[in-house]
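**Q** Take this structure, written in structure tokens, and hold onto it; I'll ask about it next.
Rule-based calculations on the coordinates, nothing more; no lab input. Just so you know, these numbers come straight off a predicted model, no measurement behind them. Cβ: placed from backbone, ideal geometry, glycine included. Neighbour counts: every protein chain shown.
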Amino acid sequence: AGQKVVVVGGGTGGATVAKYLRRLDNTLDVTLIEKNPVYTTCYMSNEVLTGERTLESLQFNYDGLKVHGVKIVQDEVTGIDYDGKQVLTKSGTRYPYERCVVSPGIDFKYDAIAGYSEAAITAIPHAWKAGSQTLVLRDQLHAMTDGGTVVIAAPPNPYRCPPAPYERASQIAHYLKQHKPNSKVIILDPKESFTKQALFEQAWRELYGYGTDNALLEWWSGDVAAGVVEVDVASRTVITQFGDRVQGAVLNVIPPQKAGKLAFDADLVDGTGWCPVNKLTFESNRHANVHVIGDACMADSLPKSGFAANSEAKVCAAAIHALLNGLEVESPSFSNGCYSLVGKDYAISVVGVYRLSDDGRLVENIPGSGGVSSATATAQDRLFDASYAYSWYNNFTQDVFK
Ligand code: FAD
């Protein structure tokens, strides 16, 4: 039998690494353990909020990976026996491995916001893991009467998908403009700047009256709002670090984040709340033969995005293939790209290309590579970016799940 690799988590990182391990070597015995039968992508989930896309259109099962010869197990992983080199599951079955890859995504620091908790998310959703939470937020938005305020509490760095809170605010403003024009969306931010900021603000000025008395969208920067530190669920009020109280008809509180629970249960996390890894192989710095990829790991300049998780997964698959065969691991490069749909026929984008630093310890930007959409782009260019966003989604999900 082939050498055994067990992959934990069938999200963006896990599905990609399982597929690419088999593509590199179809004698490998690759088992993917995922707790859910179907994966719902967070990417494009902001379009579900406006009603322009269904949740079902974001869902993928694991039949595509089976065609590549990946063994799919539906179970929850509870820990890893490092001495015995076995992955432990809730059902009691143990899965032996030569190499293991963990891609459990994120979890939330609920206790960083007084009054907020996992129990509160049915009333005040975070909608930062796509699925039922996305529908709670969508339904609240659609039930809101015209004239209401939607409040988005943006998280501090580092968090999953840096542009996504601002894309979400844009999508909600787009919905309000059409259906509830006397309403507005306010972003309360602990940060004083954010990715693609100039392009977002330009779009908001062009589309949503940003900066005027009748703005559909307001961004309260960290120096004036300092982020949400408390939530009063009963009165739907958030309280900022400066003591400002903002009541919303709809509250979307996105808490500070940390690596997914399994990373803690398996002792893969350090004091930062994230998993330190060797950037050449993504092998954990804490436990040998176990690799951590995706949002849960610390990858320096690479953002916590699906695109980056996919890029890390391919690097990790190639490294595992080399390690299992006694070959030299080649120094990798990585890429990231992200489209944000900010309005009808209007998207902006960012791309980056990365490599290891000379000492091999850090993932760094390659100088002169990458960039963002032009500030002087035409309406036609923005429309092109929107169409590229949709084709990226189709190509990317094909690469991950098919
Ligand atoms: P995930 O994709 O979350 O996968 C983790 C998987 O592990 C899940 O399926 C989970 O069920 C499983 N799991 C966890 N614990 C266990 C366990 N103990 N046992 C078994 N299974 C387990 N990225 C982009 O590149 N482009 C975008 O446009 C974009 N838009 C976004 C918009 C929003 C609103 C949000 C919230 C995110 C967006 N992202 C985007 C980010 C992207 O979704 C994540 O970065 C990506 O999903 C990370 O992949 P991952 O494998 O680390 O985690």
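**Q** Rounded to the nearest Å, what's the spacing between the alpha carbon centres of the range 58-76 and the range 381-395? Just the number, please.
**A** Here the answer is 27 Å between Cα centres.
**Q** Let me ask another. Taking the Cβ of Lys184 as the centre, find all other residues whose Cβ is under 12 Å away and add up their charges (Lys, Arg: +1; Asp, Glu: -1).
**A** -1
**Q** Rounded, prolate or oblate: which one fits the range 233-349, using the alpha carbon gyration tensor with axes a ≥ b ≥ c (rounded when a/c is under 1.5, else prolate when a/b beats b/c, else oblate)?
**A** Because a/c hits 1.5 or more and a/b fails to exceed b/c, the range 233-349 counts as oblate.
**Q** Further question: Please work out the Cα convex hull volume for the range 1-69 and give it in Å³ per residue. Before the final figure, lay out the partial values.
**A** Numbers: hull volume 5.9 nm³, N = 69.
Residue-normalised Cα hull volume stands at 85 Å³.
**Q** Taking every DSSP beta bridge that has both residues in the chain, what percent is antiparallel when rounded to the nearest 5?
**A** Values: 36 of 68 bridges.
Among the beta bridges of the chain, antiparallel pairing accounts for roughly 55 percent.
**Q** Rounded to whole Å, give me the distance from the Cα center of the range 335-369 to that of the range 265-304.
**A** 20
**Q** Here's a follow-up. Please work out the C-alpha center-to-center distance from the range 188-248 to the range 99-134 and express it in whole Å.
**A** For the range 188-248 versus the range 99-134, the Cα centre distance is 21 Å.
**Q** List the lysines whose Cα lies under 27 Å from the Cα of Lys184, skipping any in the same chain that are fewer than 8 positions away.
**A** Leaving aside lysines fewer than 8 places away in the same chain, those within reach of Lys184 are Lys129, Lys196, Lys344.
**Q** Quick one: which residues, 5 or more positions from Lys109 or on another chain, have an amide H under 5 Å from its amide H? H modelled 1.01 Å from N in the peptide plane, none for Pro or chain starts.
**A** So Lys109 has HN proximity to Gln257, Lys258.
**Q** Right, next: About the Cα centre of the range 21-91, how large is the charge dipole given +1 on each Lys and Arg Cβ and -1 on each Asp and Glu Cβ? Please answer in debye to the nearest 20.
**A** 160
**Q** Any of Lys85/Lys304; Lys258/Lys402; Lys35/Lys258; Lys4/Lys66; Lys4/Lys314 with alpha carbons more than 23 Å apart? Name them for me.
**A** On the way: Lys85/Lys304 28 Å; Lys258/Lys402 29 Å; Lys35/Lys258 19 Å; Lys4/Lys66 16 Å; Lys4/Lys314 18 Å.
In this structure, Lys85/Lys304; Lys258/Lys402 lie more than 23 Å apart at Cα.
**Q** Around Asp83, under 13 Å between beta carbons, what's the net of Lys plus Arg minus Asp minus Glu among the other residues? Intermediate results must be reported in sequence, preceding the final value.
**A** On the way: positive: Lys85, Arg94; negative: Asp81, Asp267.
So the environment of Asp83 carries a net charge of 0.
**Q** Which of the peptides 227-236, 287-296 is most tightly packed, and how do the rest follow, judged by the mean count of other Cβ atoms within 10 Å per residue?
**A** 287-296, 227-236
**Q** Could you give each residue of the range 279-289 its phi-based ³J(HN,Hα) in whole Hz, using Karplus coefficients 6.51, -1.76, 1.60 with θ = phi - 60°, and x for Gly or Pro?
**A** 6, 6, 10, 6, 6, 4, 6, 9, 9, 5, 6
**Q** How about the range 342-399: which trypsin sites (Lys or Arg not before Pro) there lie in a loop by DSSP and see at most 16 other Cβ atoms within 10 Å?
**A** Counting only loop positions with at most 16 other Cβ atoms within 10 Å, the trypsin sites (Lys or Arg not before Pro) in the range 342-399 are Lys344, Arg361.
**Q** Using the Cβ atoms and a cut-off under 12 Å, what net charge is assigned to the surroundings of Ser349, where Lys and Arg are +1 and Asp and Glu are -1?
**A** Details: positive: Lys196, Arg382; negative: Glu167, Asp381, Asp385.
Here the count lands on -1.
**Q** Quick check on the exposure proxy: order Glu218, Glu52 from fewest to most C-beta atoms within 10 angstrom.
**A** In increasing order of surrounding Cβ atoms, one gets Glu52, Glu218.
**Q** With Rg and the Kirkwood Rh both taken from Cα atoms, where does Rg over Rh land for the range 137-237?
**A** Result for the range 137-237 is an Rg/Rh of 0.95.
**Q** Given the chain, what whole percent of its Cα pairs are spread farther than 42 Å?
**A** 13
**Q** If you don't mind, another one. Using a simple charge model, +1 on the beta-carbon of Lys and Arg, -1 on the beta-carbon of Asp and Glu, nothing else, what dipole does the range 193-344 show about its Cα centre, in debye to the nearest 20?
**A** My answer is approximately 280 debye.
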